[in-house]
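Colleague: Before I ask anything, let me first share the structure, which is written out below as C-alpha coordinates.
The values are calculated or read from the model by the stated rules, or taken from the named source; none is laboratory data. All figures in this text were calculated on a predicted structure; none of them were measured in a lab. All Cβ positions, even for glycine, are placed from backbone atoms using ideal geometry, and neighbour counts span all protein chains on display.
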Amino acid sequence: MPEGRGSADGAEPMVIDGSELVIVTGGPGSGKTTLVDALERTGLARTEEAGRAIIQDQLAVGGRALPWQDRALFAELMLAQELRTHRSAPRGGGPVVCDRGVPDLVGYLRLEGLPVPAHVTAAARKFRYHRLVFVTPPWPEIYEQDAERKQSYGLAVRTCEAMETAYPEFGYDLVHVPRVTVRERVAFVREALGLPAVS
(Lines give C-alpha, C1' and ligand atoms only; values in the text may rest on other atoms or scores of the structure.)
Protein backbone atom coordinates (compact mmCIF):
# COMPACT_ATOMS: atom_id res chain seq x y z
CA MET A 1 0.00 0.00 0.00
CA PRO A 2 1.42 3.45 -0.85
CA GLU A 3 2.53 5.58 2.07
CA GLY A 4 -0.08 7.87 3.52
CA ARG A 5 -3.08 6.23 1.86
CA GLY A 6 -5.79 4.30 3.60
CA SER A 7 -7.03 0.90 2.57
CA ALA A 8 -10.17 0.40 0.50
CA ASP A 9 -12.23 -0.02 3.67
CA GLY A 10 -11.16 3.42 4.94
CA ALA A 11 -8.82 2.09 7.63
CA GLU A 12 -5.96 4.21 8.92
CA PRO A 13 -2.88 3.88 6.65
CA MET A 14 0.01 1.80 7.95
CA VAL A 15 2.42 4.68 7.38
CA ILE A 16 1.61 8.38 7.36
CA ASP A 17 3.90 10.21 4.96
CA GLY A 18 5.72 13.24 6.26
CA SER A 19 8.52 13.50 3.72
CA GLU A 20 8.17 17.30 3.72
CA LEU A 21 8.56 17.45 7.51
CA VAL A 22 12.22 18.12 8.36
CA ILE A 23 13.26 17.47 11.95
CA VAL A 24 15.79 19.49 13.91
CA THR A 25 16.70 17.67 17.12
CA GLY A 26 19.45 17.58 19.74
CA GLY A 27 19.94 18.36 23.38
CA PRO A 28 18.47 21.42 25.07
CA GLY A 29 20.42 24.65 24.80
CA SER A 30 22.21 23.72 21.57
CA GLY A 31 20.63 26.41 19.39
CA LYS A 32 17.97 24.10 17.99
CA THR A 33 14.96 26.40 18.37
CA THR A 34 17.02 29.44 17.34
CA LEU A 35 17.86 27.60 14.12
CA VAL A 36 14.21 26.66 13.52
CA ASP A 37 13.19 30.30 14.08
CA ALA A 38 15.85 31.49 11.63
CA LEU A 39 14.80 28.94 8.98
CA GLU A 40 11.24 30.19 9.33
CA ARG A 41 12.45 33.72 8.58
CA THR A 42 13.77 32.44 5.23
CA GLY A 43 10.22 31.52 4.26
CA LEU A 44 9.95 27.92 5.45
CA ALA A 45 6.94 26.76 7.44
CA ARG A 46 7.67 25.41 10.91
CA THR A 47 6.17 23.60 13.89
CA GLU A 48 6.63 24.32 17.59
CA GLU A 49 8.47 22.17 20.14
CA ALA A 50 5.93 20.14 22.13
CA GLY A 51 7.96 19.77 25.32
CA ARG A 52 8.46 23.44 26.13
CA ALA A 53 4.80 24.27 25.43
CA ILE A 54 3.66 21.44 27.71
CA ILE A 55 5.97 22.63 30.49
CA GLN A 56 4.63 26.18 30.14
CA ASP A 57 1.03 24.93 30.28
CA GLN A 58 1.66 22.65 33.26
CA LEU A 59 3.45 25.39 35.21
CA ALA A 60 0.58 27.77 34.50
CA VAL A 61 -2.05 25.41 35.94
CA GLY A 62 0.01 23.69 38.64
CA GLY A 63 -0.02 20.40 36.75
CA ARG A 64 2.28 17.45 37.41
CA ALA A 65 3.06 16.40 33.81
CA LEU A 66 6.55 17.86 34.13
CA PRO A 67 9.90 16.19 33.45
CA TRP A 68 10.90 16.78 37.09
CA GLN A 69 7.62 15.43 38.52
CA ASP A 70 5.91 12.78 36.36
CA ARG A 71 8.14 11.91 33.43
CA ALA A 72 5.88 9.18 32.02
CA LEU A 73 2.85 11.50 31.97
CA PHE A 74 4.97 14.26 30.44
CA ALA A 75 6.03 11.83 27.69
CA GLU A 76 2.42 10.85 26.96
CA LEU A 77 1.42 14.50 26.58
CA MET A 78 4.40 15.07 24.30
CA LEU A 79 3.42 12.09 22.16
CA ALA A 80 -0.15 13.35 21.81
CA GLN A 81 1.10 16.80 20.83
CA GLU A 82 3.64 15.44 18.32
CA LEU A 83 0.93 13.35 16.62
CA ARG A 84 -1.38 16.36 16.38
CA THR A 85 1.47 18.44 15.00
CA HIS A 86 2.32 15.80 12.40
CA ARG A 87 -1.28 15.54 11.23
CA SER A 88 -1.86 19.31 11.09
CA ALA A 89 1.45 20.36 9.50
CA PRO A 90 1.01 21.94 6.07
CA ARG A 91 1.67 19.70 3.07
CA GLY A 92 2.41 20.51 -0.55
CA GLY A 93 4.25 23.78 -0.02
CA GLY A 94 7.80 22.57 0.46
CA PRO A 95 9.79 21.69 3.58
CA VAL A 96 8.27 22.24 7.01
CA VAL A 97 10.85 22.54 9.79
CA CYS A 98 9.91 20.58 12.91
CA ASP A 99 11.32 21.38 16.35
CA ARG A 100 11.70 17.70 17.35
CA GLY A 101 9.52 14.76 16.28
CA VAL A 102 7.95 11.51 17.48
CA PRO A 103 11.25 9.53 17.68
CA ASP A 104 12.50 12.08 20.22
CA LEU A 105 10.10 10.41 22.66
CA VAL A 106 11.93 7.10 22.31
CA GLY A 107 15.21 8.81 23.11
CA TYR A 108 13.70 10.74 26.02
CA LEU A 109 12.16 7.68 27.67
CA ARG A 110 15.40 5.71 27.40
CA LEU A 111 17.37 8.64 28.75
CA GLU A 112 15.09 8.73 31.78
CA GLY A 113 15.39 4.97 32.32
CA LEU A 114 11.71 4.46 31.54
CA PRO A 115 10.29 1.66 29.39
CA VAL A 116 9.36 2.59 25.84
CA PRO A 117 5.71 1.52 25.44
CA ALA A 118 4.79 -0.39 22.29
CA HIS A 119 2.45 2.40 21.18
CA VAL A 120 5.32 4.93 21.26
CA THR A 121 7.46 2.69 19.05
CA ALA A 122 4.49 2.11 16.75
CA ALA A 123 3.92 5.86 16.46
CA ALA A 124 7.57 6.45 15.58
CA ARG A 125 7.32 3.85 12.81
CA LYS A 126 3.99 5.11 11.48
CA PHE A 127 4.37 8.90 11.52
CA ARG A 128 7.23 9.50 9.12
CA TYR A 129 9.44 12.52 8.38
CA HIS A 130 12.04 13.57 5.82
CA ARG A 131 14.87 11.03 5.82
CA LEU A 132 17.45 13.65 6.83
CA VAL A 133 17.34 14.60 10.51
CA PHE A 134 19.40 17.62 11.54
CA VAL A 135 21.15 17.37 14.91
CA THR A 136 22.38 20.44 16.77
CA PRO A 137 25.25 19.11 18.91
CA PRO A 138 25.94 20.18 22.50
CA TRP A 139 27.53 23.62 22.66
CA PRO A 140 28.71 24.66 26.14
CA GLU A 141 29.41 28.27 25.15
CA ILE A 142 25.72 28.97 24.42
CA TYR A 143 24.08 26.64 26.94
CA GLU A 144 21.79 28.37 29.46
CA GLN A 145 19.28 27.13 32.02
CA ASP A 146 15.93 28.81 32.66
CA ALA A 147 12.57 28.14 34.37
CA GLU A 148 11.64 25.54 31.74
CA ARG A 149 15.14 24.18 31.06
CA LYS A 150 16.44 22.79 34.33
CA GLN A 151 18.80 20.17 32.88
CA SER A 152 22.52 20.35 33.57
CA TYR A 153 24.87 20.62 30.61
CA GLY A 154 25.88 16.99 31.18
CA LEU A 155 22.27 15.91 30.85
CA ALA A 156 21.94 18.01 27.70
CA VAL A 157 24.86 16.06 26.21
CA ARG A 158 23.26 12.73 27.13
CA THR A 159 19.96 13.93 25.63
CA CYS A 160 21.65 14.58 22.31
CA GLU A 161 23.28 11.14 22.43
CA ALA A 162 19.89 9.54 23.09
CA MET A 163 18.43 11.23 20.00
CA GLU A 164 21.45 10.23 17.92
CA THR A 165 20.74 6.61 18.87
CA ALA A 166 16.96 6.69 18.45
CA TYR A 167 16.55 8.23 15.00
CA PRO A 168 18.72 5.80 12.99
CA GLU A 169 16.72 2.92 14.48
CA PHE A 170 13.72 4.25 12.56
CA GLY A 171 15.60 4.60 9.28
CA TYR A 172 16.66 8.24 9.42
CA ASP A 173 20.02 9.66 8.36
CA LEU A 174 21.62 12.09 10.82
CA VAL A 175 23.14 15.36 9.63
CA HIS A 176 25.15 17.17 12.31
CA VAL A 177 24.81 20.94 12.14
CA PRO A 178 28.17 22.67 12.68
CA ARG A 179 28.78 25.02 15.63
CA VAL A 180 28.84 28.20 13.56
CA THR A 181 26.77 31.38 13.36
CA VAL A 182 23.01 31.11 12.99
CA ARG A 183 23.28 32.50 9.46
CA GLU A 184 25.82 29.82 8.53
CA ARG A 185 23.67 27.11 10.13
CA VAL A 186 20.69 28.25 8.06
CA ALA A 187 22.78 28.13 4.89
CA PHE A 188 24.04 24.65 5.82
CA VAL A 189 20.53 23.23 6.34
CA ARG A 190 19.10 24.84 3.22
CA GLU A 191 21.96 23.51 1.10
CA ALA A 192 21.55 20.00 2.54
CA LEU A 193 17.86 20.13 1.58
CA GLY A 194 18.66 21.34 -1.93
CA LEU A 195 17.07 24.73 -1.34
CA PRO A 196 18.38 27.95 -2.89
CA ALA A 197 20.63 30.20 -0.84
CA VAL A 198 19.10 33.27 0.78
CA SER A 199 20.73 36.67 1.09
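Colleague: So in the range 98-123, with the set limited to residues that are among the charged types (D, E, K, R) and in a helix (DSSP H, G or I), which one is farthest from the chain's Cα centre (by Cα)?
Modeller: Going residue by residue through the range 98-123, those that are among the charged types (D, E, K, R) are 99-100, 104, 110, 112.
Keeping just the survivors that are in a helix (DSSP H, G or I) gives 104, 110.
Values: Asp104: 6, Arg110: 16 Å.
Result: Arg110.
Colleague: Condition (residue is acidic (Asp, Glu), surrounded by fewer than 21 Cβ atoms within 10 Å (Cβ to Cβ), in a loop (DSSP other than H, G, I, E, B) and free of Cβ contacts under 8 Å to residues at least 40 places away in the same chain) applied to the range 124-141: is it met by at least one residue?
Modeller: Looking through the range 124-141, at least one residue is acidic (Asp, Glu), surrounded by fewer than 21 Cβ atoms within 10 Å (Cβ to Cβ), in a loop (DSSP other than H, G, I, E, B) and free of Cβ contacts under 8 Å to residues at least 40 places away in the same chain.
Colleague: Does Gly63 count as at pLDDT 95 or above and surrounded by fewer than 22 Cβ atoms within 10 Å (Cβ to Cβ)?
Modeller: For Gly63, the condition - at pLDDT 95 or above and surrounded by fewer than 22 Cβ atoms within 10 Å (Cβ to Cβ) - is met.
Colleague: Every residue in the range 168-199 that is more than 16 Å from Val36 (Cβ to Cβ) and among the basic types (Lys, Arg), please.
Modeller: Residue satisfying the conditions is Arg179 alone.
Colleague: Can you tell me which residue in the range 19-36 is farthest from the chain's Cα centre (by Cα), limited to those that are crowded, with 24+ Cβ neighbours inside 10 Å and polar (S, T, N, Q)?
Modeller: So, considering only residues that are crowded, with 24+ Cβ neighbours inside 10 Å and polar (S, T, N, Q), the one farthest from the chain's Cα centre (by Cα) is Ser30.
Colleague: State all residues of the range 56-73 that are in a helix (DSSP H, G or I) and out of contact with any Lys or Arg (no Cβ under 9 Å at 6 or more places or on another chain); if no residue qualifies, say none.
Modeller: Gln56, Asp57, Leu59, Ala60, Val61, Arg71, Ala72
Colleague: Right, next: Could you count how many residues in the range 50-89 are small (Gly, Ala, Ser) and either touching a residue at least 60 places away in the same chain (Cβ under 8 Å) or within 27 Å of Asp17 (Cβ to Cβ) (or both)? Lay out the reasoning, then the answer.
Modeller: Let us first name the residues in the range 50-89 that are small (Gly, Ala, Ser), namely 50-51, 53, 60, 62-63, 65, 72, 75, 80, 88-89.
Restricting the remaining residues to those that are either touching a residue at least 60 places away in the same chain (Cβ under 8 Å) or within 27 Å of Asp17 (Cβ to Cβ) (or both) gives 50-51, 53, 75, 80, 88-89.
Looking only at that region, the number is 7.
Colleague: If Tyr153 passes every condition in (1) at pLDDT below 95; (2) of a type outside the set (D, E, K, R); (3) loosely packed, with under 13 Cβ neighbours inside 10 Å but one, which one does it miss?
Modeller: The one condition Tyr153 does not meet is (3).
Colleague: Among the residues of the range 111-125, is there at least one that is at pLDDT 95 or above and basic (Lys, Arg)?
Modeller: Scanning the range 111-125 turns up at least one residue that is at pLDDT 95 or above and basic (Lys, Arg).
Colleague: So, in the range 23-55, exactly how many residues are part of a loop (DSSP other than H, G, I, E, B) and of a type in the set (Gly, Ala, Ser)?
Modeller: So the answer is 5.
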